[in-house]
Amino acid sequence: MTISNDDDLKCLQDIGRIVAQTLAAMGKAIEPGMTTAELDQIGRSLLDRAGARSAPELDYDFPGATCISVNDEIAHGIPGARRIEAGDLINIDVSAEKAGFYSDTGASFAVPPVARRTERLCRDGRRALWVGIGQVGAGKPLAGIGQAIGRFAEKNGYTLVRNLASHGVGRSLHEEPTELATWPDRSERRVMQKGQVFTIEPFLSLGANWAENGDDAWTLYGEPRAPTVQYEHTLVATANGAMVLTLPA
């Protein structure tokens, strides 16, 4: 969506804060021995308390309030009986709706003890996200986001998953601009509009280039299999750069 008034912005800031705080609380709650269903229930309770509804449940009948992906799973993991273990790499994606407005955020968490390469991957995943955010601004090319993230990944020895794109968000979970690449895309010709709302969510990996389906209808795995992280913010393109909506207060 493109923001047209201050009321819209306030509603987006509200749901953005809710998903950000939910993600942060879930990340802090991760402990070896707990199930991903128990972790999901923490997220559900926080969304319910804030008057928000899980976006993947609402829009797509996803079997969970949040997406929780473990190790080889890189996206859309279904919460369930799997127990979290020391050394696991956990991705949590939280998206929700309140008062007709949506926001989307995500992060990867390494469960101690953490291997040095995993620690570095998480650090650089966060850096890659902010490299992309630094390219945001009304009138700038959308292609600049993927180009900047691509340069960062190549310089630091990483690959990018190239079939999981960022997207517009606001009045629904996925809307224009669709298929916003977080990797270099020579075919991208669109320009960011003032007030445009979208996500940036690079999937930085130690070798994966693609996401492929698993045994269920939702969970995605890296191809080839390799440790992969995702960090995501929802933001607004302004004349002065990016206004990030999914920072916890």
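Values quoted throughout were computed directly from the atomic coordinates according to the rules given, and no laboratory measurement underlies them. In this text, all values refer to a predicted model and were calculated from it rather than measured experimentally. In this analysis, Cβ positions are derived from the backbone assuming ideal geometry, glycine residues included, and neighbour counts consider all displayed protein chains.
Proximity of backbone amide H atoms, modeled 1.01 Å from N, is registered between Gly170 and Tyr102 at under 5 Å, excluding neighbours fewer than 5 places apart on the same chain. With both labels modelled 7 Å from their Cα along Cα-to-Cβ, the Ala249 to Arg83 distance reads 3.9 nm. Exposure proxy for Leu164, Leu206: other Cβ atoms within 10 Å of each Cβ, ordered fewest to most, give Leu206, Leu164. Normalising by residue count, the stretch 167-206 has a Cα convex hull of 77 Å³ per residue. Computed from the C-beta positions of Asp61 and Asn5, the FRET efficiency with R₀ = 30 Å rounds to 0.40. Using the Cβ of Leu142 as centre and a radius below 13 Å, the other residues enclosed give a net charge of 0, where K and R count +1 and D and E count -1. Close amide-amide hydrogen proximity is noted between Ile74 and Leu220, Tyr221, Gly222, each under 5 Å apart and 5 or more residues distant or on a separate chain (H modeled in the peptide plane; Pro and chain starts excluded). Annotation: Cα Rg of the stretch 105-249 relative to the compact-globule expectation 2.2 N^0.38 Å equals 1.03.
Applying 0.36 nm per residue to the separation of Trp130 and Arg49 and subtracting their alpha-carbon distance, the gain on full extension is 26.1 nm. Residues whose amide H comes within less than 5 Å of that of Gln196, counting only those at least five positions distant or on another chain, are Ile3, Ala237 (H built at 1.01 Å from N in the peptide plane). 3J(HN,Hα) along the stretch 228-238, derived from phi through the Karplus expression 6.51 cos²θ - 1.76 cosθ + 1.60 where θ = phi - 60°, amounts to 9, 10, 9, 10, 9, 10, 9, 8, 10, 7, 10 Hz, with x in place of Gly and Pro. Could you please state, rounded to a whole Å, how far the C-alpha centre of the stretch 148-184 is from the C-alpha centre of the stretch 56-130? Spelled out, the Cα-based centre of one part sits 16 Å from the other. Which helices count as membrane-span-like in the chain under these terms: full DSSP H, at least 30 Å along the axis by C-alpha, Kyte-Doolittle mean of -1.0 or more? Going by DSSP H runs, the hits are 6-29.
When only alpha carbons of the chain are considered, Rg and Dmax amount to 16.9, 49 Å.
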